[in-house]
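Before any comments, here is the structure.
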Amino acid sequence: MDKVVFIAFASEDKGTRDLFVGQRKLANTPYDWVDMSVKQPYDSEWKTRVRTRVRRSDGVIALISSSTPRATGQLWEIKCAIEEGKPLLGIWIENGYRVKPAQMAGAPCKEWTWANVGAFIDGI
């Protein structure tokens, strides 16, 4: 059974998020998951929908970039993952940027490699 993963990302990083999610469909990718990220944020039901999706997910991956500190929606999604007790992994998506958001608490941030993503998915 595929794992269900919520992807938290800054709206400025939507293109990278699309690449990250699309990578799982390549024939040689050693893992798969069901994408639960929210593509249309900030409507009146946004926080309710996010919390429901996070609860239904096996884990949360946060794509971390220099846009993250200003991405109030993404930071709330990360906080929600912590509140819901979901396994959380930060993935660095920008060369040279390594500032872990306080909202990540004790969750790790790692390089974007198949090994790192696969180990997280296999472990949830």
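The values are calculated or read from the model by the stated rules, or taken from the named source; none is laboratory data. Keep in mind the model is a prediction, meaning the values are calculated, not measured. FYI the Cβ positions are ideal-geometry reconstructions off the backbone, even for glycines, and counts take in every protein chain you see. Surface areas here come from the heavy atoms of the whole protein model, side chains and all, with no ligands, DNA or RNA. Shrake-Rupley method; radii C 1.70, N 1.55, O 1.52, S 1.80 Å.
Observations
- Along its principal axes, the stretch 81-124 has C-alpha extents of 30, 25, 11 angstrom, given from the largest down.
- Only aspartates and glutamates eight or more places from K86 in sequence, or on another chain, were considered; those with a Cα closer than 19 Å are D2, D32, D35, D58, E77, D122.
- Debye-sum result for the chain in log10 I(q)/I(0), which assumes one identical scatterer on each alpha carbon, at q = 0.09, 0.10, 0.16, 0.19 Å⁻¹: -0.21, -0.26, -0.70, -1.03
- When each of the peptides 86-93, 48-55, 109-116 is scored by how many other beta carbons lie within 10 Å of its residues on average, the order from highest to lowest is 86-93, 48-55, 109-116.
- For the stretch 47-90, the alpha carbon convex hull comes to 59 Å³ per residue, rounded to a whole number.
- Computed helical MRE - 222 nm, the chain, DSSP H runs ≥ 4 contributing -39500 (n - 2.57), nearest 500: -10500 deg cm²/dmol
- Neighbours of P108, meaning other residues whose beta-carbon lies under 13 angstrom from its beta-carbon, give a summed charge of +2 when Lys and Arg score +1 and Asp and Glu score -1.
- Between amide H atoms placed 1.01 Å from N, distances below 5 Å from V34 occur with K3, V4, V5, all of them 5 or more places distant or on a separate chain.
- For the pair A102 and D2, the difference between a 0.36 nm per residue extended length and the Cα-Cα distance amounts to 33.0 nm.
- Apportionment of accessible area to carbon and sulfur, the chain, percent (1.4 Å): 52
- The chain - charge dipole about Cα centre, Lys and Arg +1 at Cβ, Asp and Glu -1, debye rounded to 20: 200
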